[in-house]
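Presented below is the structure to which this report refers.
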Amino acid sequence: FLSRLHREGRLARIDRAASVCIESFCGLLAVLDSKYLHQAALRNFGLPDVLKRLGYRISFLLSGDHTNFYGLRAAYGDSVDEYRDGATAPGYMNDDDNVLAWLAELQPDHGEDAQPQFLFMHLMSVHTLGLRHAPYRKWEPSEVGFRTLSTRDLIPAYANNYHNGVLQADAVIERIFRLLREKKLLNDAIVVITADHGELLGEYGRVGHSRFTPVGPQVGLPLLIYD
């Protein structure tokens, strides 16, 4: 889906960008607050706060339990009007279908005095704990579980699991676009698709996050879409 948008000239791709850290906690806050980890405080003034002052309605629809993950919910601040994450999901907290269901329930206002909308969505498809649905288990073996992720014989399975997650994330993003289009939220919008950090897929004999290993900055692929 994303490759097709790029071919159609509707997506501008930034091929190389370094994350500020190797964890979702500081990576997500950096995306929202534009700060390095050593500059972050318990409460920051970030993009949601700026847009709130400009009259935007702020909605967070997040796969995964951000409420209890290092207190991310509190760090997101008080400018969020609507907040949902995996902590209150009816099923598995790391299933991206939850985000799709919440987005489907969203009722935007399109009247003359309608508020502009800022939507922040987070997907777990590519994370190790993210639920992989059967149609996207293309590369095997891909069973990882909770075994030690530094074991060399796990590298092929971990890489396959990661690529299956990328395939699924692409499909979820396509479904998100379909819902946004149905709700007329793409009529005048800028959409940014970005990773919060990269992942090791066998480099230096490791997989996953590079904590405890001085391997240099991880690289993600932020994507800017203008629709």
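The values are calculated or read from the model by the stated rules, or taken from the named source; none is laboratory data. Computed from a predicted model, the values in this text were never measured in an experiment. Neighbour counts run over all protein chains shown; Cβ positions are idealised from the backbone, glycine included. Accessible surface is based on the protein model in full, side chains and every heavy atom, while ligands, DNA and RNA are left aside. Shrake-Rupley method; radii C 1.70, N 1.55, O 1.52, S 1.80 Å.
For the stretch 133-149: of the residues being small (Gly, Ala, Ser) and open to solvent by less than 50 Å² (accessible area, probe 1.4 Å), which is modelled with the highest pLDDT? My answer is Ser142. Annotation: of all residues in the stretch 14-38 being among the hydroxyl-bearing types (Ser, Thr, Tyr) and open to solvent by 70 Å² or more (accessible area, probe 1.4 Å), the one that is modelled with the highest pLDDT is Ser34.
When Val126, Val99, Val192 are checked against the criterion of being in a strand (DSSP E or B), among the aliphatic types (A, V, I, L, M) and closer than 30 Å to Asp49 by Cα, a single residue qualifies: Val192. Examine the stretch 69-81 for a residue that is out of contact with any helix residue (DSSP H, G or I) (no Cβ under 9 Å at 6 or more places or on another chain) and closer than 25 Å to Gln168 by Cβ, and state whether such a residue exists. Looking for residues that are out of contact with any helix residue (DSSP H, G or I) (no Cβ under 9 Å at 6 or more places or on another chain) and closer than 25 Å to Gln168 by Cβ, one finds none in the stretch 69-81, hence no. Restricting attention to the stretch 89-111, the residues that are under 19 Å from Leu180 (Cα atoms) and open to solvent by 70 Å² or more (accessible area, probe 1.4 Å) add up to 4.
Inside the stretch 180-209, can you point out the residues that are over 15 Å from Ile155 (Cβ atoms) and of a type in the set (A, V, I, L, M, F, W, C)? Steps first, please.
In the first step, residues of the stretch 180-209 are kept if they are over 15 Å from Ile155 (Cβ atoms); the result is 180-198.
The answer is Leu180, Leu185, Leu186, Ala189, Ile190, Val191, Val192, Ile193, Ala195.
Among the residues of the stretch 39-88, the ones that are open to solvent by 20 Å² or more (accessible area, probe 1.4 Å), farther than 14 Å from Leu119 by Cβ and assigned to a loop (DSSP other than H, G, I, E, B) come to 14 in all. The single condition among (1) assigned to a helix (DSSP H, G or I); (2) over 19 Å from the mean Cα position of the chain (by Cα) that Gly27 does not meet is (2). Residues of the stretch 46-62 that are within 13 Å of Leu28 (Cα to Cα) and either touching an Asp or Glu at 6+ places or on another chain (Cβ under 6 Å) or without any contact (Cβ under 8 Å) to a residue 12 or more places away in the chain (or both): Gly46, Leu62.
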